[in-house]
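Chemist: Take this structure, written in C-alpha cells, and hold onto it; I'll ask about it next.
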Amino acid sequence: MKTENLTQLVFNICSGSYSQAELISFIHVAQKISLSYLKYQEMLGKRISGHAFEADLELADLAMDCIAELFGRDKEGQFPQLKKYYEGKFAEMPYINDAEVLILTRRLIVRKTKQELSRIFRERDPEGAKIVRNIKVAIRTSVDLHIFRELGKEFVFQGVYPKWDESMTLTATLQKQLRRTLPPIPDDILHKIFLDNYHTGDSVSASIRRFLLALESVQGYQNFVSMDNLVKLVRYVKFDTCREKMSINDMVPTPSDHLETKEMEAYIEVVMSNIWTRLDTQYLRTQKLAADKAVIYHKALRDVLYDLIQKRDTSSYYRNLKFYINNLTQKEYRQQERSVFEYLAKLAKKEFRKYLCEML
C-alpha cells in the first residue's frame, strides 16, 4: 500500500483544508485496510460474506459500511472521530512519518471494523451473540478458564493459572501442556463429549469446565477448543436439546396462565396506543416520517413486544421490520431505519416492562 504523503493527507483532513480528491484518496486507503482485514477473517474460516460468486463485492461493500461512521461530519463540516484520534496521537508523536501514520491508520480501521462486525453479528444472530457473551463472561469470572489467541482465532483451555492478558503469547511450558502439536478433536467426537458431560441446570462455566476436563482425558488430540466450536456446541447441544426436552415434558397451560397472557396482551395495546401518540406528535406532524412507514413501524413494534412475552430467542429488530418491508436489506436498515425504529422499540419495551412489574 502506498504511504507517500499520507502524513500530510491526514493533517489536511483533520484541519479541514483537504480537497475532495484528497478525501476520496484517504477513504480508499481506509477501505483497503478494512477489506484486507475482512478477507483475512474469511481465510481463517469465519463466514462474513454470502455466496462465493459475489463474496468480493459483498466484502467491499461491508468494508465501506464498517468505516462509514468515521467519516461522519459535524455542523462545522469536520470529522470529529478522525480529529480526536489523530490529533491525540500526533501530540504524543510530534516527529511522525508516513509509515508510522499508516500503522496508526491500520489500528483505527481494524478496531472500527471489529466493532461494526460485532454489531452486525448481533443483528444477524442475536442468540449466537448472547452465547458468545455468556461464554466470555464465564471465562473472565472463572479462575481456571482461559483464552489465548493465535492467527486471529480464539481458543479456550482449562487449568489453574494466573489470569493474564489474552493478547499474551503462551509460555513454553503451557504450550507443551496444551498439546498444541497434536491434531484437533473431530467435530463428531467433540459433540459427543459435550453431550455426555452436559448436566441440565449447569452454569455456563460449569458446562465448559466439565467439557474441557473430559477433553484432557482423550489422548492423541489437543486438549483445548476454538471459541467457534464451543459456541456451536452450546447452541446445538445445550439450548436446542434442552428446549426439545422441555417441550416434551411441558405442562399444560392452566387457566391462570391464560389470564396472565390476556393481561399482558392488554398492556401491549396500552403501550402501542402511547407509541402511536408519540409517532404522531414527533414524526407525522413534523413530516419526519411518512404515514405508511409509521403504520409499518407500529405493527413491527407490536411484534417486538409479543416476542418478549413469547420468549423468542431469535427475535431481532431487523427481522421484525423486514417482515413488513420484504425488500429491506441490512444496509438499508442500518442507514435509514435503525435510529428511529430502535429508539421507539426501547421506549416501548421500557414502558411494557413497567406494566409487567406492576402485574407481578
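The values are calculated or read from the model by the stated rules, or taken from the named source; none is laboratory data. This is a predicted model, so every value here is computed, not measured. No Cβ is skipped: glycine too gets one built from the backbone with ideal geometry, and neighbour counts run over all protein chains shown.
Chemist: Kindly check whether there is at least one residue in the stretch 281-294 that is closer than 21 Å to Leu117 by Cβ and among the β-branched types (Val, Ile, Thr).
Modeler: Within the stretch 281-294, none of the residues are closer than 21 Å to Leu117 by Cβ and among the β-branched types (Val, Ile, Thr).
Chemist: Need a quick list: helices (runs of 4 or more DSSP H) entirely within the stretch 163-249 having at least 3 residues that are modelled with pLDDT under 85 and either farther than 16 Å from Ile139 by Cβ or in contact with a strand residue (DSSP E or B) (Cβ under 9 Å, 6 or more places away or on another chain) (or both).
Modeler: In the stretch 163-249, the matching helices (runs of 4 or more DSSP H) lie at 172-177, 187-197, 227-233, 240-248.
Chemist: Considering only the stretch 31-42, I want to know if a residue exists there that is at pLDDT 85 or above, of a type in the set (A, V, I, L, M), farther than 21 Å from Lys114 by Cα and assigned by TED's automatic domain parsing to the domain that holds Leu70.
Modeler: Within the stretch 31-42 (the criterion being at pLDDT 85 or above, of a type in the set (A, V, I, L, M), farther than 21 Å from Lys114 by Cα and assigned by TED's automatic domain parsing to the domain that holds Leu70), the answer is no, since none of the residues qualifies.
Chemist: Going through the stretch 111-133 one residue at a time, which ones are at pLDDT 80 or above and crowded, with 16+ Cβ neighbours inside 10 Å?
Modeler: Lys112, Thr113, Glu116, Leu117, Ile131, Val132
Chemist: Looking at Leu308, is it aliphatic (A, V, I, L, M), within 30 Å of Ile67 (Cα to Cα) and either surrounded by 12 or more Cβ atoms within 10 Å (Cβ to Cβ) or assigned by TED's automatic domain parsing to the domain that holds Glu265 (or both)?
Modeler: When the stated conditions are applied, Leu308 does not pass them.
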